[in-house]
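Read through the structure below, which is laid out as structure tokens, and then see the notes.
The values are calculated or read from the model by the stated rules, or taken from the named source; none is laboratory data. This one's a predicted model, so the numbers in the text were calculated from it and none came from an experiment. In this analysis, Cβ positions are derived from the backbone assuming ideal geometry, glycine residues included, and neighbour counts consider all displayed protein chains. These accessible areas exclude ligands, DNA and RNA; they are computed on the full protein's heavy atoms, side chains included. Shrake-Rupley method; radii C 1.70, N 1.55, O 1.52, S 1.80 Å.
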Amino acid sequence: MRTSLIIGAGQLGSRHLQGLVKYLGQLEIYVLDPSIESLKIAQEREKEITHQHKIIYTQSWEILPDFFDIVILATNANIRESIINKLLENHKVRFLILEKVLFQELGAYQRVHELLVKHNVITYVNHSRRMFESYGNLKVNIDTNSQSVYSVVGGNWGLGCNALHFLDLFVYLSGKKLQDLNVNSIKDELLESSREGFAEFTGTLTGHLTDGSFFSITSLKGESSSITVTIFNNEQRFIIQEGETPQIYQLVKKNLFSCKNDVFKVQYQSELTTNIAVGLLENDFCTLPTYDEARHTHELFLTTMLEKYNKITGLQATILPVT
């Protein structure tokens, strides 16, 4: 029987659990969290789905087996490095899935890289939009031979916590790497995050990909509103409305920029984690970026946003309190 572990049984971890129990093969799934309340949430959500897997809920590392096929680490960023250290000191792991923001401190990226290499762990970062069917179809159709202009706009959606998802989306769709970031249009104020102990930003993050393509990522201050993604180049215009009424609008030069629209398929973590399990356990394959692929984007984001954080606070911090 294949064995898996979810560390962190809160809102996101419980959705990962729902995804694993939808997997048609037989799994032994451990769910680890120090919080009884989080474990109860996970158990309630597990019971929403009929399955035949073996689920073990625990607050203790001591009962965990020596080997896991898949480990999903769904904790906050501030404790992620220490959890990885503890995990790999005592357990053999074949595949490891990490959430963003990977780490809050720059040095952690190299330290964890060395640890993953030492223990031969194949590691992916859960930038889940790479797994959306609609974005996969879009990637096939985008002209990546010329520069594009990418943008994201939404209301109060958590720029510090979530911008990395869209930076990775641009990297994925274009096939290029991140070149530079600019924080001059991010507002000089911090907002309280919805997660206690973390900070948030509003305004616009801008930058370029290595082919010169420009992008902007905007979180408007005020009421929350759904996200719109746009991709423009000489030959094509794509407008993706992710929320409310999810649609993709496509305008192509050869068709005189007449508008064609299709439904944008929103895929939730409870569905995507099933696909992760199928890919890894049956085909040794995953469309998520590897740790090494995602690391460059995360390090540049952390370095640039930390400069902004220190400017706002007057500190000389080495830790960026986002998760």
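Say a paramagnetic label sat at a point 7 Å from the Cα of Gln11, along Cα to Cβ; which residues of the stretch 282-323 have their backbone N under 20 Å from it?
321-323
In the stretch 79-235, carbon and sulfur make up what percent of the accessible area (probe 1.4 Å)?
46 percent
For helix 159-174, what angle does its Cα long axis make with the longest principal axis of the chain, in degrees from 0 to 90 and rounded to 10?
Taking the Cα atoms of the chain, the angle to 159-174 is about 70 degrees.
Can you compute the FRET efficiency between Glu293 and Tyr268 using 1/(1 + (r/R0)^6), with r the Cβ-Cβ distance and R0 = 25 Å? Round to the nearest 0.05.
Once the sixth-power term is evaluated, E becomes 0.60.
Expressed as a rounded percentage, what relative contact order does the chain have, with Cα pairs under 8 Å and six or more residues apart?
About 19 percent, as a whole number.
Normalising by the residue count of the stretch 1-76, find the relative contact order in percent from Cα pairs under 8 Å and 6+ residues apart.
With pairs under 8 Å counted, the relative contact order is 45 percent.
Which far-off residues, 5 or more places away or on another chain, put their amide H under 5 Å from the one on Leu96, with H placed in the peptide plane?
Val71, Ile122, Thr123, Tyr124
For Gln179, list long-range residues whose amide hydrogen, built 1.01 Å from N in the peptide plane, is under 5 Å from its own amide hydrogen.
Amide H neighbours of Gln179: His208, Leu209, Thr210.
How high is the FRET efficiency from Asn255 to Ser226, r the C-beta distance, R0 35 Å, rounded to 0.05?
So the FRET efficiency works out to roughly 0.80.
How large is the helix-only mean residue ellipticity at 222 nm for the chain, computed as the sum of -39500 (n - 2.57) over DSSP H runs with n ≥ 4, divided by its residue count, in deg cm²/dmol to the nearest 500?
Roughly -10500 deg cm²/dmol at 222 nm, from the helical runs in the chain.
State the extension gain, in nm to one decimal, for the chain segment bounded by Thr303 and Ile49, taking 0.36 nm per residue of separation less the distance between their alpha-carbons.
Length gained between Thr303 and Ile49: 87.3 nm.
Express in whole angstrom the spacing between the alpha-carbon centres of the stretch 165-180 and the stretch 195-259.
13 Å
Hey, if you put +1 on the Cβ of every Lys and Arg and -1 on every Asp and Glu Cβ in the chain, which of Thr3, Ser193, Val125 ends up farthest toward the positive end of that dipole?
Positive-most Cα among the choices belongs to Val125.
Consider just the alpha-carbon atoms of the stretch 1-125 and return their Rg together with their Dmax, both in angstrom.
Cα only, the stretch 1-125: 14.0, 43 Å (Rg, Dmax).
Could you work out the relative contact order of the stretch 67-212, using alpha carbon pairs under 8 angstrom and six or more residues apart, expressed as a whole percent?
With pairs under 8 Å counted, the relative contact order is 18 percent.
Relative to the longest principal axis of the chain, what angle (0 to 90°, nearest 10) does the C-alpha long axis of helix 11-21 take?
Between the helix axis and the principal axis of the chain, the angle is about 70 degrees.
Name the most mobile residue of Leu167, Leu181, Leu256, meaning the one with the largest mean-square fluctuation, in a Gaussian network model of the chain with Cα contacts below 10 Å.
It is Leu256.
Just Asp211, Asp66, Asp180 to compare: in a GNM of the chain, with alpha carbon springs under 10 Å, which one fluctuates most?
The residue with the greatest mean-square fluctuation here is Asp66.
Please work out which option in (i) 30, 26, 19; (ii) 43, 21, 18; (iii) 33, 24, 19 gives semi-axes √(5λ) of the Cα gyration tensor in Å calculated from these coordinates, and answer with its label.
Checked against the structure: label (iii).
Apply the a/c threshold of 1.5 to the C-alpha gyration tensor of the stretch 207-247 and tell me whether it is rounded, prolate or oblate.
It is oblate, given that a/c is not under 1.5 and a/b is not larger than b/c.
Efficiency by 1/(1 + (r/R0)^6): what FRET value for Ser82 and Asn234, r their Cβ-Cβ distance, R0 = 51 Å, to the nearest 0.05?
0.55
Please give the charge dipole size of the stretch 99-194, origin at the Cα centre, charges +1 on K and R Cβ atoms and -1 on D and E Cβ atoms. Round to the nearest 20 debye.
360 debye
Just to be sure I understand: with springs between alpha-carbon atoms less than 10 Å apart, which residue in Leu302, Leu88, Leu17 has the highest mean-square fluctuation in the Gaussian network model of the chain?
Maximum fluctuation in the GNM of the chain, among the listed residues, is at Leu88.
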